[in-house]
Amino acid sequence: MTNYLSYGLGAIGSICIHGLVLSVLLIPGNGDTQAIVIQPQYINSKLVELAPKKKVVVPKRTKEDTAEKKRERQRRLDASKAKAKAKTNADALKKKKADLDRKERERLALEQDKLERERLEELQRQELAAEFAQTLAEEQSLISAQEDEVAANSYRQLISQRLSENWSRPPSARRGMETLIRLQLVPTGRVVGVTILTSSGDSAFDRSVEQAAFKAAPFVELQQMAPSLFEKKFRQVDVSFSPLDLRL
Amino acid sequence: MNEENLSILSLIVNASLPVQAVMGILFIASVMSWIMIVQRGIFLSQAQNNFKDFEDTFWSGVDLAQYYQELTQKAKDIGISDGIENVFRAGFREFNRLSHSDKADPDAVMEGTDRAMRVALSREDEKLGVNLPFLANVASVSPYIGLLGTVWGIMDTVRGLGMMQQATLAAVAPGISEALIPTAMGLFAAIPAVIAYNRYAAKVEGINTSYETFSDEFSSILHRQVYSK
C-alpha cells in the first residue's frame, strides 16, 4: 500500500522536476529585441502636434453675459414702456424715480460683473501655471526614463540606415514581401549571426537581406554604447526588410 | 541559430534520428531515475523511522510475547509488514515453536532461531536494496549514451561540412550545438543518480547493520532465557 503510494509520489516528483527543467530550457525568453523596419530610404513627414492652445473662455463668457444683460435690460425696458403706456402721465414722477433707482442698480451690477470677470481671469491664469508646472515635471521624469530608449533608438536608426544603404534588392522583390531577420551582435559591433525569423518566401530576396546584413557588418559605433544597454537591447536585433516603395 | 532559448527546441526537433533516439532514451532514464530516487528516499527514511520506533518500544521493557501478538495482529490487518518487525517476529515465532516442543535441546533452539532471523534479515536486505541497481546503471551508463549521441551528431556535421564549398563557422555551429545536447542530457540524468545511489547505498548499509545488531541482541536475550531454564 505504502509502496504504491511512494511510487506515485516519486512519479509526481519526477514529472514536476522534468517539467520545470524543460520549461526553463524551452520556453523562449522574451528577449528585449525591438524590430527595426528597413525600408528604402524616404523621408517620413510627421504632423507634430504641440500642446493645444488653451482657449480663453472668460471673455466670451463675459460677452455673453453682457449680451444677456442687454437683452434683459431691453426686456425690462419694454416691460416698463408697456407699463408706462398703460399708466397715465401722473405716474411720471414715480417712474423717473424708479428709473433712477434702476440705473443705480444696473451700475452696481456692472461693477460686480467686472469684479467677477477679473477673479475668473486670475483663476484661469493660476490654472494655466499649474498645468504648465505639471507638464514640465512629467516631461522631466519621462526624459530620465526614456534616456535609454532614446539612445537605443539612435543606434537603431544608425543600424537601419546602414542596412538600407547596403541593401540591394533583387529584381524579384515585390511590394508586400517582408523578411524578418535577427542579427546577433557582439559589443565590438561585429555581426556574428544572422537568422531569418520570417522568410519572405523568395529565396533571392532573403539572400539579399542576409548579404546586406553582412555587408553593413561592423557597426563600430556600437562600441561607444553603454554595455548594459547593449546587453539589454542590442545582443539580438530584429530587423524587418520590406520594399514598400515598389509599385509591383 | 546560436545559443538562444528558442533554438534549443528547434535543435532538438531538427536533430537527426539517432541523436533524437539517444535523447529520448536519456530523457526516459532521467524520469525513471527520479521516480526511483524519490521512492527510495521515502522508503528508506520510513524504514529508519520504523526501526527507531521499534527499538524504543522493544527496550522499554514491554512483554515480548504480548508485543509479538500485537505486531502479528498489525501485520495481518495491514497485509504487509516491513523492516525489523519481520526479523523479530520470525525469530520469536521460531523460538516459541522450538522451545515448546518436547525434546527442546537449547543448542538446537538457538540454532533454529538464529537461522530464521538470518533468513528474515536477508529478505529485508533485499527489500531495502530494490531499485538501487537501476540507479547505479543510470549513473554509470547515461553519460556514455550521451557521448554516443554527441559523437554521432558531430560525425554527421563534419561529413556535411565536407560537402560544402566553404567551411564557415556558421555551417558547423548548429550541428555541433545539436550534437552537444545529448551529452548535457546524459550528465543531467547521471549526476542526480550518482548522488542518490551513493547516499542510498550508505543508508541501506547503515540500516542493515542496525538490523543485524538488533538480531544479535535479541538472540542473546533468547539465549539467556533458554539456558536459564
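For region B:13-45, name all the residues that are of a type in the set (A, V, I, L, M, F, W, C) and surrounded by fewer than 19 Cβ atoms within 10 Å (Cβ to Cβ). Don't jump to the end; show me each part of the working.
First, the residues of region B:13-45 that are of a type in the set (A, V, I, L, M, F, W, C): B:13, B:15, B:17, B:19, B:21-23, B:25-29, B:31-32, B:34-38, B:42-44.
Within region B:13-45, B:Val13, B:Leu17, B:Ala21, B:Phe27, B:Ile28, B:Val31, B:Ile42, B:Leu44 qualify.
Looking at region B:23-40, which of its residues are in contact (Cβ under 8 Å) with a residue 60 or more places away in the chain and closer than 9 Å to A:Ser6 by Cα?
Hits for region B:23-40 are B:Gln39, B:Arg40.
Among the listed residues B:Ile154, B:Ile207, which satisfies the condition of being in a helix (DSSP H, G or I), over 29 Å from A:Val21 (Cβ atoms) and either more than 33 Å from the chain's Cα centre (by Cα) or not polar (S, T, N, Q) (or both)? Quick ask: steps written out before the conclusion?
Details: B:Ile154 fails: over 29 Å from A:Val21 (Cβ atoms).
On inspection, the qualifying residue turns out to be B:Ile207.
Which condition breaks for B:Ile80 when tested against (1) assigned to a helix (DSSP H, G or I); (2) at pLDDT below 85?
(1)
Take the conditions touching a Leu at 6+ places or on another chain (Cβ under 9 Å), in a helix (DSSP H, G or I) and modelled with pLDDT under 75 and apply them to A:Lys69. Does it pass?
yes
With the requirement that a residue be surrounded by fewer than 16 Cβ atoms within 10 Å (Cβ to Cβ) and touching an Asp or Glu at 6+ places or on another chain (Cβ under 6 Å), what does region A:197-248 give you?
Scanning region A:197-248 gives A:Ser199, A:Lys232.
The values are calculated or read from the model by the stated rules, or taken from the named source; none is laboratory data. What you see is a predicted model; the values in this text were computed from it and never measured. FYI the Cβ positions are ideal-geometry reconstructions off the backbone, even for glycines, and counts take in every protein chain you see.
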